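Please read the structure below before turning to the comments.
Every number in this text was worked out from the coordinates using simple rules, so none of it is lab data. A quick note: this is a predicted structure, and the numbers were derived from the prediction, not measured. Quick reminder, even Gly has a Cβ in these numbers, built from the backbone with ideal geometry, and neighbours come from all protein chains shown.
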Ligand code: BG6
């Protein structure tokens, strides 16, 4: 018998900016990703304008804005019971500051969620996934400013008012812990040219924490039957050796992420968080009532991404990737073509770590393998490497369930090929469904089922039991 509960949610996850395209259609404003190009440093190296001579992958992406009905049918064919996507904020509020949301944006998302329901999928909705309206970055430097709390509140209210009857599972800010390493992606903050942006990053994180608490409160008031979680990048870190200094250094590196869970799930800044701020010379500006709001409105569950692990020793500096902070290579693990070290057992370890710490339901909302796929002459795609990755991680998750961790569901990242957040490439494919499109935007856009499609279908049909 399967170890997964009957109501376990199986599915996949995407983000609007990486899939929808239609970047200016129906009145949408520019988002921060609409000015990032293809390349390994796209989140550091950008301008705040669209240069008409250059290629921007989010402008067309995989055209999900127009193809979602057919794409979702493919997801339903695999048996998905949940589908995670985000609401592109600038589709509702093109500059973030309009008084009322755009009707076209509301209509689009209402139809998207209705389609999911017709096909038997619960929508799991991220409110902000690397897609702050660009105008807010230009005017306020985004979350660096306290103004953002009210601006986001208006957006959240519009989401709950317009989609509250369709969406039961919400997530506030995608991987907000990446603010320390990728402040532009995670929080729309432009820190180019600053010698030390850490004080600003801590202040921005505080604004996000207050906003998160306000949003949780609003959700609970307006939609008492819904659940709202936070979302963190929690690919894990191991001590480089058992030398006590390395163990402490790895733990402190991990705390740069756990801090975010501690505030949003436990409701207060931990002692080590204040120490981190002292060490960075931060004097946090806290408004009256902020800490009470945070304490009284914690998230219902923890959504997190898990892709890899890495080793961390005293003296290592944390290098950023979209799979979290990386120290140095672990000699016991193999890496993907993009150098991400694959570690299924690490997922079981991470679930246990997080369940022990928070005692709140976990939702694995991102896990997957980015790889180069080859289309054979007969049109088939034999992605055994992806099947292996999926099997090993589902097995590890089953182990975590047996260990007693409460896990709500699992959404494979990028079940259909989409634009990579970290590099802007199409070549870094996660999909169980292939999309004929390359890094320069060429291709027919045709969808092809990969071998992993049938495999995941079987896994879901057996509620995670048949992994052969
Ligand atoms: C997570 C993000 O960081 O990792 C996704 O939430 C992203 O948006 C995913 O796509 C995988 O990273 P990448 O860089 O391979 O696309």
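Based on a Kirkwood Rh over C-alpha pairs, give the Stokes-Einstein translational diffusion coefficient of the stretch 330-398 at 10 °C and viscosity 1.306 mPa s in µm²/s. Working shown, then result.
Details: Rh = 13.9 Å.
So the translational diffusion coefficient is about 114 µm²/s.
As a footprinting exposure proxy, order 165, 392 by other Cβ within 10 Å, with the fewest listed first.
On the way: 165 11, 392 16.
Ordered from fewest to most neighbouring Cβ atoms within 10 Å, 165, 392 come out as 165, 392.
What does the highest-first list of 294-306, 82-94 look like by mean Cβ count within 10 Å?
Numbers: 294-306: 21.8, 82-94: 26.5.
Ranking, from highest mean packing down: 82-94, 294-306.
How big is the equivalent ellipsoid of the stretch 1-141 along its three axes, where each semi-axis is √(5λ) from the Cα gyration tensor, reported in whole Å from largest to smallest?
On the way: eigenvalues 175, 58, 40 Å².
Over the Cα atoms of the stretch 1-141, the ellipsoid semi-axes are 30, 17, 14 Å.
Which of 77, 175 comes first, and how do the rest follow, when ranked by fewest Cβ neighbours within 10 Å?
On the way: 77 14, 175 27.
With the sparsest Cβ surroundings first, the list reads 77, 175.
For the stretch 260-335, what class follows from the C-alpha gyration tensor (a ≥ b ≥ c being the square roots of its eigenvalues): rounded when a/c is under 1.5, otherwise prolate if a/b is larger than b/c, else oblate? Each step should come with its number before you reach the end.
Working: a/c = 3.43, a/b = 1.68, b/c = 2.03.
Because a/c hits 1.5 or more and a/b fails to exceed b/c, the stretch 260-335 counts as oblate.
Compute the separation of the alpha-carbon centres of the stretch 397-468 and the stretch 26-100 and state it in Å as a whole number.
19
Taking only the C-alpha atoms, wrap a convex hull around the chain and report its volume per residue in Å³ as a whole number.
So the per-residue hull volume is 138 Å³.
Show me the ranking of peptides 328-337, 444-453 by mean Cβ neighbours inside 10 Å, starting with the highest. Could the numbers behind the result be given before it?
Numbers: 328-337: 13.0, 444-453: 17.2.
Answer by packing, highest mean first, reads 444-453, 328-337.
Of the peptides 246-258, 263-275, how do they stack up when ordered by the mean number of other Cβ atoms within 10 Å, highest first? Show your work: numbers first, answer last.
On the way: 246-258: 18.5, 263-275: 16.8.
Highest-to-lowest ranking by the protection proxy: 246-258, 263-275.
Please give the length that would be gained between residue 1 and residue 41 if that part of the chain were fully extended, namely 0.36 nm times their separation in residues minus their C-alpha to C-alpha distance (nm, one decimal). Mind dumping the intermediate values first?
Working: separation 40, 0.36 × 40 = 14.40 nm, distance 4.63 nm.
Result for the pair: 9.8 nm of gain on full extension.
How high is the relative contact order of the chain, in percent, with contacts defined as C-alpha pairs under 8 Å that are six or more residues apart? If you can, show how the numbers build up before the last one.
Numbers: 994 pairs, mean separation 85.0, N = 468.
Answer for the chain is 18 percent.
How long are the semi-axes of the equivalent ellipsoid of the stretch 179-309, defined as square roots of 5 times the Cα gyration tensor eigenvalues? Whole Å, largest first.
Details: eigenvalues 133, 74, 45 Å².
Equivalent ellipsoid of the stretch 179-309: 26, 19, 15 Å, largest first.
Can you sort 467, 30 by how many other beta carbons sit within 10 Å, fewest first? Show your work: numbers first, answer last.
Working: 467 15, 30 24.
Least to most surrounded, the residues fall as 467, 30.
When the convex hull of the Cα atoms of the stretch 98-213 is projected onto a plane and the area is averaged over all directions, what value comes out in nm²? Can you show the working numbers first?
Details: hull surface 30.3 nm².
Taking a quarter of the hull surface, the average projection is 7.6 nm².
Just from its helices, what would the mean residue ellipticity at 222 nm be for the chain, if runs of 4 or more DSSP H residues each count -39500 (n - 2.57) and the sum is divided by every residue, rounded to the nearest 500 deg cm²/dmol?
So the helix-based figure for the chain works out to -11500 deg cm²/dmol.
Relative contact order for the stretch 330-468 using alpha-carbon pairs under 8 Å, separation at least 6, rounded to a whole percent? Please list the in-between numbers first.
On the way: 206 pairs, mean separation 32.7, N = 139.
For the stretch 330-468, the relative contact order is 24 percent.
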